[in-house]
Amino acid sequence: MLSQVTNIDEMYAGMKERLAKVVPDVELRYKAELAVEINKLKKERNAVILGHNYMEAALFNSIPDFVGDSLELSRKAAQTDKDVIVFCGVKFMGETAKILNPSKKVLLPSNKAGCSLAESITADDVRALKAKFPGVPVVTYVNTYADVKAESDICCTSGNAKKVVESIESDTILFLPDEYLAGNIARETGKRIIFPTRSLAPTPLAQGDGRRGEGTIIGWTGRCEVHEKFTVNDIKTVRAQFPDVLILAHPECSPEVVAASDYSNSTTAMIRYVQETNAPQYLVLTECSMGDNIAAANPDKEMLRLCMVRCPHMNTITMEDTLEALRQDRYIIEVPEDIRVRAERAVKRMIEIG
Ligand code: 13P
Ligand code: SF4
């Protein structure tokens with residue numbers, strides 16, 4: 001495993017083997033040196049590095065002790081016995097690590113790694129919704145800050161949202177803040193969806209897909225600034241050129257885009273799907289570094305790299321800043337204890353469901 005390697009030649013050879021087609025050689029040499037410095041310091045500080053699937057290819061393939069999606073990394077954060085958790089991901093992920101393992105020091109290499117979904121809703125917004133819909137259970141996507149999680153009954157990730165919604169014994173559910181994830185779950189579960197910020201009018205999706213089942217999801221209008229950019233037209237254009245292409249879309253894409261795709265699930269589930277299937281070409285509608293990471297792990301598969309978009313927040317996490325995080329003990333993630341305890345309840349409920 002390269003995450004333990006502290007010899008430059010060994011690190012460079014290992015990275016080259018995996019990344020020769022994805023990262024230019026001159027960058028590989030420089031990144032191999034950085035990776036070795038990080039690994040040495042990681043050992044000295046008794047730290048663990050967690051890397052989200054959206055990390056840039058050189059980082060993703062060298063220093064993380066564990067890589068994965070939000071759910072997998074939450075589990076790893078909860079289980080670690082290391083003193084320091086360095087989270088190569090965005091702030092809400094670092095907060096989730098702190099919520100689940102409060103005695104550890106959690107470091108986020110950048111103080112600019114936000115998320116448009118997490119920014120889209122505040123704890124005050126959730127309290128106002130709860131006052132408007134008393135007694136309605138609140139499900140929040142993990143892409144939210146700790147104070148929003150603290151107002152929730154249960155959290156979910158892109159990988160378990162359907163399971164979480166189906167576990168709730170209530171006809172009506174508040175599902176916050178991702179409008180598109182809510183729409184996709186409504187479609188999968190046959191529930192209708194309404195948005196209180198849109199005068200409580202059912203959306204065309206809820207009225208038009210002919211699968212209206214039991215129950216109502218009350219959504220919020222947050223969106224991922226990356227996934228909202230993909231369109232059905234992108235899919236049509238690619239399918240016209242490559243009729244047998246297999247298209248995967250993250251559930252933060254619009255319900256129309258997900259419906260026009262062949263598969264939709266969490267980032268790790270999409271990686272596995274590419275590994276386990278055999279299509280002439282693949283198009284993964286998600287953050288662009290993950291396309292590099294899939295291409296690196298599957299050199300025999302043809303990845304189409306059309307209309308890929310880099311998350312500006314994930315992009316702030318660099319190997320240089322990860323080294324500085326370990327050197328300078330920055331940026332420390334803190335969650336006030338009263339908020340942490342309430343948020344932990346919602347996150348742990350989700351983890352129990354799976
Ligand atoms: P995953 O939980 O699928 O890794 O998604 C996290 C995310 O931020 C996607 O944009
Ligand atoms: Fe947030 Fe979207 Fe970036 Fe994921 S890709 S961290 S949802 S802005």
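Which members of region 270-308 meet the condition of being within 13 Å of ligand 1 (Cβ to nearest atom) and surrounded by fewer than 17 Cβ atoms within 10 Å (Cβ to Cβ)?
272 - this is the single residue of region 270-308 that is within 13 Å of ligand 1 (Cβ to nearest atom) and surrounded by fewer than 17 Cβ atoms within 10 Å (Cβ to Cβ).
Can you tell me which residue in region 70-86 is farthest from ligand 2 (Cβ to nearest atom), limited to those that are part of a helix (DSSP H, G or I) and not basic (Lys, Arg)?
So the residue we want is 79.
I'd like to know if region 33-50 contains one or more residues that are in contact (Cβ under 8 Å) with a residue 40 or more places away in the chain and within 16 Å of ligand 1 (Cβ to nearest atom).
yes
So that you can scan it fast, the table gives a plain yes or no per residue for (1) part of a strand (DSSP E or B); (2) at pLDDT below 95; (3) surrounded by fewer than 21 Cβ atoms within 10 Å (Cβ to Cβ); (4) within 16 Å of ligand 2 (Cβ to nearest atom):
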site: 228; (1), (2), (3), (4): no, no, yes, yes
site: 233; (1), (2), (3), (4): no, no, yes, no
site: 243; (1), (2), (3), (4): no, no, yes, no
site: 247; (1), (2), (3), (4): yes, no, no, no
site: 258; (1), (2), (3), (4): no, no, no, yes
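What pairs can you find where one residue is in region 286-302 and in contact (Cβ under 8 Å) with a residue 24 or more places away in the chain, the other is of a type in the set (D, E, K, R), and their Cβ atoms are less than 6 Å apart, with a gap of 6+ or different chains?
Between residues of region 286-302 that are in contact (Cβ under 8 Å) with a residue 24 or more places away in the chain and residues that are of a type in the set (D, E, K, R), the close pairs are 289/56; 296/18.
Between a first residue in region 164-175 that is outside any strand (DSSP E or B) and a second residue that is open to solvent by 40 Å² or more (accessible area, probe 1.4 Å), which pairs have beta carbons less than 7 Å apart while being 6 or more apart in sequence or on different chains?
From residues that are outside any strand (DSSP E or B), the pairs are 164/353; 167/353; 171/214.
For region 83-116, name all the residues that are away from ligand 1 (no atom under 16 Å from the Cβ) and surrounded by fewer than 24 Cβ atoms within 10 Å (Cβ to Cβ).
Listed by number, the residues that qualify are 83, 84, 101, 102, 103, 104, 105, 111.
If residue 67 satisfies every condition in (1) of a type outside the set (Ser, Thr, Tyr); (2) open to solvent by less than 10 Å² (accessible area, probe 1.4 Å); (3) in a strand (DSSP E or B) but one, which is the exception?
Condition not satisfied by residue 67: (2).
If we keep just the residues of region 117-136 that are of a type outside the set (Val, Ile, Thr) and open to solvent by less than 30 Å² (accessible area, probe 1.4 Å), which is nearest to ligand 2 (Cβ to nearest atom)?
117
The values are calculated or read from the model by the stated rules, or taken from the named source; none is laboratory data. Owing to the predicted nature of the structure, the values given are computational and were not obtained by experimental measurement. No Cβ is skipped: glycine too gets one built from the backbone with ideal geometry, and neighbour counts run over all protein chains shown. We work out accessible area using only protein heavy atoms, side chains counted, and drop any ligands, DNA or RNA first. Shrake-Rupley method; radii C 1.70, N 1.55, O 1.52, S 1.80 Å.
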